[in-house]
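Inspection log for the structure reproduced underneath, given as structure tokens.
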Amino acid sequence: MATNDPSCIDLVRWGISIGVPAVAGLGGVMLGAWLTGRREKKQRALAFIEKQLCEFYSPLLGIRSEIRMRSELRLKVQNTADSEWRKLCEEKREIGVEAFQRLTNELGDEFTKIIEYDNRQLKEELIPAYRKMVNLFRDNMWLAEYETKEYFGPLLEFVELWERWLGDSLPPEVITALEHGEESLHPFYDHLQRKHDELREKLASGDV
């Protein structure tokens with residue numbers, strides 16, 4: 001039953017004056033805590049992406065870029081040397097057998113050194129670079145995206161086969177039958193570039 005008792009009305013007013021600010025204050029605290037938690041979660045996500053880029057994707061991509069540029073330069077030098085050697089041989093053959101023999105004696109070793117240099121670079125620089133990729137991948141696996149981890153096996157297999165070949169523990173027939181070649185790593189390289197660009201875009205935009 002309703003009552004007009006002034007004391008009851010005052011009590012209700014007092015309760016409202018106390019309760020409403022308290023509820024509002026509690027709601028504000030909860031909202032602030034939620035916003036703070038959300039902001040911190042986003043900051044942690046961005047920090048992890050930065051770590052992925054700095055310690056995994058960028059270093060792998062950097063090594064890959066170095067290998068590619070060295071390989072392209074090696075191929076360019078080999079093709080140019082082959083073309084020039086053929087021209088020289090053709091010119092000397094037209095002059096005579098003695099001129100051709102002098103060419104072989106005088107410049108043959110110089111052109112052979114190109115092949116020797118390439119073989120030495122493969123063993124001393126390129127394969128160690130591939131091995132560095134394997135080690136970096138293995139040691140920082142926790143930074144790799146789930147789909148990236150699937151490429152560790154093909155990378156390791158590629159390097160192991162090269163090292164067996166260079167260690168004279170793999171016959172040519174076997175390496176041929178295994179269809180060993182860098183083409184097997186092209187899907188990995190494409191994925192690496194794509195994932196690197198995706199993460200970099202996320203970090204730049206802050207959209208996680």
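List the aspartates and glutamates whose alpha-carbon lies under 20 Å from that of K149, not counting same-chain residues fewer than 8 positions away?
Within the straight-line cut-off, K149 pairs with E50, E55, D139, E157, E160, E182, E183, D190, D197, E198.
Can you figure out the FRET efficiency of I63 with I114, using R₀ = 25 Å and their beta-carbon distance, to the nearest 0.05?
0.55
Relative contact order (percent) for the stretch 57-208, with alpha-carbon contacts under 8 angstrom and 6 or more residues of separation?
Reported relative contact order: 30 percent.
At 1.4 Å probe size, with the rest of the protein present, what percent of the exposed accessible area of the stretch 67-208 is carbon and sulfur atoms?
For the stretch 67-208, the apolar C and S fraction of the accessible surface comes to 51 percent.
Once ligands and nucleic acids are excluded and a 1.4 Å probe is used, how much of L61 is accessible, expressed in Å² to the nearest 10?
Estimated to the nearest 10 Å², L61 gives 20 Å².
Cα gyration tensor of the stretch 116-208, axes a ≥ b ≥ c as square roots of the eigenvalues: rounded (a/c below 1.5), prolate (a/b > b/c) or oblate?
It comes out prolate by the Cα gyration axes.
The values are calculated or read from the model by the stated rules, or taken from the named source; none is laboratory data. Owing to the predicted nature of the structure, the values given are computational and were not obtained by experimental measurement. Virtual Cβ from ideal backbone geometry, glycine too; neighbours counted across all protein chains shown. Ligands, DNA and RNA are excluded from the accessible area calculation, which covers all protein heavy atoms including side chains. Shrake-Rupley method; radii C 1.70, N 1.55, O 1.52, S 1.80 Å.
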